[in-house]
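Just so you know, all these numbers are worked out from the coordinates, no wet-lab data involved. Bear in mind that the values here come from a model prediction, so they are computed numbers and not experimental data. Positions of Cβ are generated from backbone atoms using ideal geometry, with glycine treated the same way; all protein chains shown enter the neighbour counts.
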Amino acid sequence: MKLDPKALRFLSREDFRTLVSIEMAMKNHEFAPVPLIQSIANLKFGGCKKSIQTLHKFKLLFHDGRKYDGYKLTYLGYDFLALKAFVSRGTISFVGNQIGVGKESDIYIVANDDNEEFVLKLHRLGRTSFKTIKNNRDYLKHRKSASWLYLSRLAALKEYAYMKALHDNGFPVPNPVDYNRHCIVMSRVRGYPLTQVTELRHPSRVYSDLMRLIVRLASYGLIHGDFNEFNILIDDEEHITLIDFPQMVSTSHMNAEMYFDRDVQCIRTYFEKRFDFIGESWPKFSDIRNDHNLDVQIAASGFTRDNEKELNTLVEEQEGNEKDLESVTQDDLDSDSDSDSEDSEEEDDDDDDDDEVEEVVEEIKGLHVNRNRDFKFIKDNGEDEQEPVPILLRKEYLKEIQQFEGTSEEQPEDDEEEEYQPTKEEIQAEKQKQMVQDRVKKQLTKSMKSKSGGGVRNTVKSRAKKDIKNHINSH
Ligand SMILES: Nc1ncnc2c1ncn2[C@@H]1O[C@H](COP(=O)(O)OP(=O)(O)OP(=O)(O)O)[C@@H](O)[C@H]1O
């Protein structure tokens with residue numbers, strides 16, 4: 001879902017009051033019933049209904065009228081609530097360009113009144129796969145699951161808490177500035193992901209810095225768990241910054257050594273492949289001395305051990321649901337047809353009857369949209385290496401993907417199939433065929449003109465009668 005903050009300007013105080021009321025009502029309802037929204041918002045003269053209409057028009061709400069008249073927030077609605085909070089606190093005043101698309105986040109440049117630039121990270125759990133979208137549609141059948149909005153909120157809180165604790169202890173991570181709902185505002189790192197760097201002036205220094213960082217994290221009881229070239233930014237002076245740590249594990253985890261070795265190995269392999277640099281020494285898990293603890297600082301930001309457990313359980317639960325959903329039949333999807341889908345893809349419900357949907361589902365399952373890294377569809381070939389494939393997607397596939405992503409822009413003309421150019425022989429043969437057809441047509445019209453229309457019919461009829469008589473006589 002693309003963040004378009006323009007509508008912020010058109011929303012009144014009443015609209016925001018209604019938006020917050022829906023958020024509150026969603027604590028106990030997947031779809032907030034209209035009477036409940038009205039009673040929480042407590043607006044006069046039908047103001048609440050008008051606001052709901054406005055919010056729905058701007059795609060901040062998602063409507064469901066199957067069992068009762070209910071609404072829930074879309075990601076955009078949730079974005080607006082967080083943006084409003086940041087603006088009221090004076091953290092940001094402007095939203096600029098999108099600078100990154102992660103698997104489960106969108107990254108924007110923002111600025112405050114003093115034109116100081118920051119990075120806004122909006123967590124978007126559950127948008128990576130088509131299966132997940134089915135999951136959203138099928139939501140009512142899995143009431144026990146938490147909403148993706150809630151999971152995104154927990155993920156953002158976790159990232160903020162870890163970032164703050166690490167930053168306060170001098171780790172090279174962005175400076176976390178503010179946090180609200182599923183969003184984090186942090187300092188902007190002037191660097192590039194290591195994956196985009198083809199050459200290093202001092203590979204051995206960068207390699208040692210990275211190994212030292214892994215060891216230092218472990219001495220604070222943490223293992224990154226996904227320490228790779230995508231999560232490391234490097235600037236012109238070859239200083240590194242770690243930007244993403246959603247799957248941090250504790251050094252007391254039963255598989256801690258495996259995770260630690262994997263992080264170390266990942267960097268060694270990458271340096272060898274990309275920079276032709278073989279690290280001769282590397283740290284071992286057994287050498288690690290765990291003499292610091294960040295638990296208290298992390299909890300101080302509001303992310304407690306209970307939150308951690310809850311997040312892990314909920315994510316596992318959602319993943320479990322996804323597996324269950326593999327057995328969901330097309331009929332199940334069709335029965336959802338009168339409700340809107342999460343990111344306002346109302347129209348695509350009509351197409352669900354189409355046999356092709358099945359085909360599209362299969363096709364999309366194998367694709368990962370990874371616009372952040374070279375903006376191509378990457379086909380997962382089941383092996384370790386993912387090779388970019390120049391996939392010529394059929395128009396309807398593109399439409400489906402764009403609808404899921406909320407970017408239904410018009411396709412450029414050159415995406416369409418090229419017009420077929422016949423050969424000389426084929427043109428000649430076509431001409432001759434046309435001439436013969438014309439001649440036959442001419443002869444037919446001549447003979448038709450010479451006889452009346454009824455005459456022709458009568459002749460045919462009498463011939464048929466004759467045939468029948470002959471046939472009866474012969475028997
Ligand atoms: N503080 C920052 N300063 C500058 N650029 C940033 C910052 N944070 C993120 N980015 C950019 O946004 C991209 C995605 O960020 P991030 O890795 O945090 O998202 P993600 O959803 O966790 O990604 P993934 O899971 O795909 O690795 C990064 O590769 C980087 O280019």
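Couple of notes before you dig in:
- Full extension of the segment from residue 204 to residue 103, taken as 0.36 nm per residue of separation minus the current Cα-Cα distance, would add 33.3 nm.
- Annotation for the range 34-99 versus the range 260-312: alpha-carbon center distance of 39 Å.
- Rounded, prolate or oblate (a/c below 1.5 giving rounded, otherwise prolate when a/b exceeds b/c) for the range 1-76 by Cα gyration tensor: oblate
- When the C-alpha to C-alpha distance is required to be over 20 Å, the pairs from 27/72; 103/158; 72/121 that qualify are 72/121.
- The range 191-300 - Debye-derived log10 I(q)/I(0), Cα point model, q = 0.15, 0.19 Å⁻¹: -0.63, -0.97
- Peptides 309-315, 220-226 ranked from most to least packed, by the mean per-residue count of other Cβ atoms within 10 Å: 220-226, 309-315.
- Remark: the range 213-317 carries a charge dipole of roughly 320 debye about the Cα centre, counting +1 on each Lys and Arg Cβ and -1 on each Asp and Glu Cβ.
- Take the Cβ atoms of residue 280 and residue 114, set R0 to 60 Å, and the FRET efficiency comes out at 0.80.
- For residue 23, neighbours were defined as the other residues whose beta-carbon sits under 10 Å from its Cβ, and their charges (Lys and Arg +1, Asp and Glu -1) total +3.
- Cβ crowding within 10 Å, taken as a proxy for footprinting-reagent exposure, orders 23, 316, 159 from fewest neighbours to most as 316, 23, 159.
- The packing ranking, built from the mean of other Cβ atoms within 10 Å per residue, places the peptides 231-240, 422-431 in the order 231-240, 422-431, highest first.
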